[in-house]
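In what follows, a structure is listed as structure tokens, so that the remarks can point back to it.
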Ligand SMILES: [Zn+2]
């Protein structure tokens, strides 16, 4: 059977393909979900594939391309659009080959997602506030694409936790309009913000270009070390990773959520995610990224997810991840190893990298082993002098500057020669005390 629809309703804003068909079925169908499936997709069971039925080519023909071509439909009107950017090139090629085929494996299978255990095929999500607005505008509710994406648990327009609607019925279903909603505890502010970050990232990824997952992995490793979750010497410490994540607001919400993603709350998946070279479910990457960079500007960290190597401190060689993101830029543990090792060879051995690599990395920082170690020993010597002077001042609170000069002779002469501004800062308190006393006298006189 081949035909074209006489009337083709337009998209209702950001609704999904499934939503469009459900509305079409309610208004123009003849009551049989099978007939509607057969008409639009050549399959009586099309309503079971809530992501997208297989034969999209037929739908494009029936709707005379008025709603977009196959790729537009799949990439921007279904949750599959979120998986595409994560696919490897061979998998993307395979998917593209399958786009216009009338039959074949399901879209999630083609994206390598069915084994993740993170998908609840019976669930669709809606926001009760959006539904009220939909009824006002269109007279019928919608399934909005932003709400159906993996990682979308909050309405970004209403900051309201989404409701779940679960059914296995073979029907074209629209969201309930009876105003009933799940009774749940109110979201804590931190939880709402965590959910908003993931939902916003998920939405941004739909229709974006291919992601560099390997660089995302590197950036996460750097971020974890920068924030002290892991150390360079133990970049993948399962217990550290789990306990850090399970203490986050995101994990707090996941723990009491209702769905297969609940098991992510423990954080014990992060170790494998970062260790494995093969791809994994986008939901894990998004949750990990948004939790790790929760303190960063939301737009900036989304853009970095799309292009992690845009930051000059990262490169894809692997070794680069040992350097932090905050110049001047060695993590304290690595700095101390390089500064305190007897030789540069010893430092490289302790770090588990070659001398050549260490030289290259120091060159990246604009220095070389000799200069770096001189600088480091300068810092240590300066700190020793500062400590000696401070200790003297705190032991002799009423001392004068000449007392300090006399009793901390070695420290003072070294620091005045090599870091005079640091010396002034260190003895500042002594000067302050005199000024304060003089002001007090002046006050008394003026009364
Ligand atoms: Zn809403």
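Every number in this text was worked out from the coordinates using simple rules, so none of it is lab data. Note that the structure is predicted; figures quoted are calculated from it, not measured. All Cβ positions, even for glycine, are placed from backbone atoms using ideal geometry, and neighbour counts span all protein chains on display.
Values as computed for the structure displayed
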| read-out | value |
| --- | --- |
| Radius ratio Rg over Rh of the range 17-166, counting only Cα atoms, Kirkwood formula for Rh | 0.96 |
| Histogram of C-alpha separations across the range 1-59, 5 Å bin width, % | 4, 19, 32, 29, 14, 2, 0 |
| Kirkwood-based shape ratio for the chain, expressed as Rg/Rh from alpha carbons | 1.17 |
| Computed [θ] at 222 nm, deg cm²/dmol, the chain (DSSP H ≥ 4; -39,500 (n - 2.57); rounded to nearest 500) | -15500 deg cm²/dmol |
| Calculated P(r) of the range 61-149 - Cα pairs past 17 Å, % | 60 percent |
| Gyration tensor (Cα) of the range 380-426, equivalent ellipsoid semi-axes in angstrom | 16, 11, 9 |
| Inter-label distance for residue 99 and residue 44, nm, one decimal - labels placed 7 Å from Cα along Cα-to-Cβ | 3.2 nm |
| Principal-axis tilt of helix 355-364 within the chain, Cα atoms, nearest 10 degrees | 90 degrees |
